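Worksheet: the structure to be examined is printed underneath.
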Amino acid sequence: TQLLEQSPQFLSIQEGENLTVYCNSSSVFSSLQWYRQEPGEGPVLLVTVVTGGEVKKLKRLTFQFGDARKDSSLHITAAQTGDTGLYLCAGVRYSSASKIIFGSGTRLSIRP
Amino acid sequence: SAVISQKPSRDICQRGTSLTIQCQVDSQVTMMFWYRQQPGQSLTLIATANQGSEATYESGFVIDKFPISRPNLTFSTLTVSNMSPEDSSIYLCSVEDRGLARGDTQYFGPGTRLTVL
């Protein structure tokens, strides 16, 4: 059983459309990160959110941490082909400060 | 941020053999991590490697199968022993960055793609 469930698992949309990826858990996290991974490379950190209810924007990407610190979302506006990749959320639980738990992953494909 | 390199980048191995993967970091770090990732899927932590002590293994992973060395603060190796096709995967090392950013950020190497025939 995955502690951090992401949805959808796969998403293929047309360039220019908007999309939202969700990361949900029944556990509370002290912080949560979003990573993007391209083929042949390791995951690259996009953002870290720490405060419940926090919203961070990174150009066309908007990240939100749930009020209860159990869930997060990633919204992409006007998707571009360069957004294609595997998106991973990852959380650090209060009880295990040195261990990051990765979500199940969302594979995003943007069609030109 | 930390720059991490891994060797080899990929390998094809025969069943029953062993492969040692190297991970080099451009700065001294306390904690290094080894992950396994099936293509297109999420990451599973194998073990945490601290310099000067034995590695800490996660449930389902044992030292005999995945021995780890951590001789100094910039280097670690992971050996995949007595390989079978089920070991075919991407193996990633990462380091933890505390203090520069809020939360426990990890930086990853490019990964080693292993295929076992």
Please go through region B:54-89 and give me each residue that is touching a Lys or Arg at 6+ places or on another chain (Cβ under 8 Å) and either at pLDDT below 95 or over 22 Å from B:Pro110 (Cβ atoms) (or both), ordered by number.
B:Ala55, B:Ser81, B:Asn82, B:Ser84, B:Pro85
Only one of (1) surrounded by 15 or more Cβ atoms within 10 Å (Cβ to Cβ); (2) within 12 Å of chain A (Cβ to nearest Cβ) does not apply to B:Ile68, and that is (2)
Search region A:16-40 for residues that are farther than 19 Å from B:Ser42 by Cα and pair each with any residue that is open to solvent by 20 Å² or more (accessible area, probe 1.4 Å) and part of a strand (DSSP E or B) when their beta-carbon atoms are under 9 Å apart and the residues are at least 6 apart or on different chains.
A:Asn18/A:His75; A:Leu19/A:Leu11; A:Leu19/A:His75; A:Val28/A:Arg93; A:Ser30/A:Arg93
What do you reckon, is B:Ser9 closer than 29 Å to A:Leu108 by Cβ, of a type in the set (S, T, N, Q), in contact (Cβ under 8 Å) with a residue 60 or more places away in the chain and loosely packed, with under 15 Cβ neighbours inside 10 Å?
yes
Looking across region A:11-61 at residues that are surrounded by fewer than 18 Cβ atoms within 10 Å (Cβ to Cβ), within 13 Å of another protein chain (Cβ to nearest Cβ) and within 17 Å of A:Phe102 (Cβ to Cβ), the single one that is nearest to the chain's Cα centre (by Cα) is A:Leu46
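Condition first: of a type in the set (A, V, I, L, M) and out of contact with any strand residue (DSSP E or B) (no Cβ under 9 Å at 6 or more places or on another chain). Can you find one or more residues in region B:60-82 that meet it?
Taking region B:60-82 as the starting set, the residues that turn out to be of a type in the set (A, V, I, L, M) are B:62-63, B:68, B:73, B:78, B:80.
Narrowing the set further to residues that are out of contact with any strand residue (DSSP E or B) (no Cβ under 9 Å at 6 or more places or on another chain) leaves B:62.
Yes: one or more hits.
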Considering residues of region A:62-95 that are of a type in the set (Gly, Ala, Ser) and over 24 Å from A:Ser12 (Cβ atoms) only, the residue most open to solvent (accessible area, probe 1.4 Å):
A:Ser95
Please state which of the following conditions B:Ser27 fails to meet, knowing it meets all the rest: (1) in a loop (DSSP other than H, G, I, E, B); (2) farther than 17 Å from B:Tyr107 by Cα.
(2)
Inside region B:51-74, the number of residues satisfying the requirement of being more than 28 Å from A:Ser104 (Cβ to Cβ) and either in contact (Cβ under 8 Å) with a residue 60 or more places away in the chain or not in a loop (DSSP other than H, G, I, E, B) (or both) is 4
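The values are calculated or read from the model by the stated rules, or taken from the named source; none is laboratory data. Keep in mind that what you see is a predicted model, and the values were worked out from it rather than measured. Here Cβ is always computed from backbone atoms with ideal geometry, including for glycine, and neighbour counts include all displayed protein chains. Accessible surface areas use protein heavy atoms only, side chains included; no ligands, DNA or RNA. Shrake-Rupley method; radii C 1.70, N 1.55, O 1.52, S 1.80 Å.
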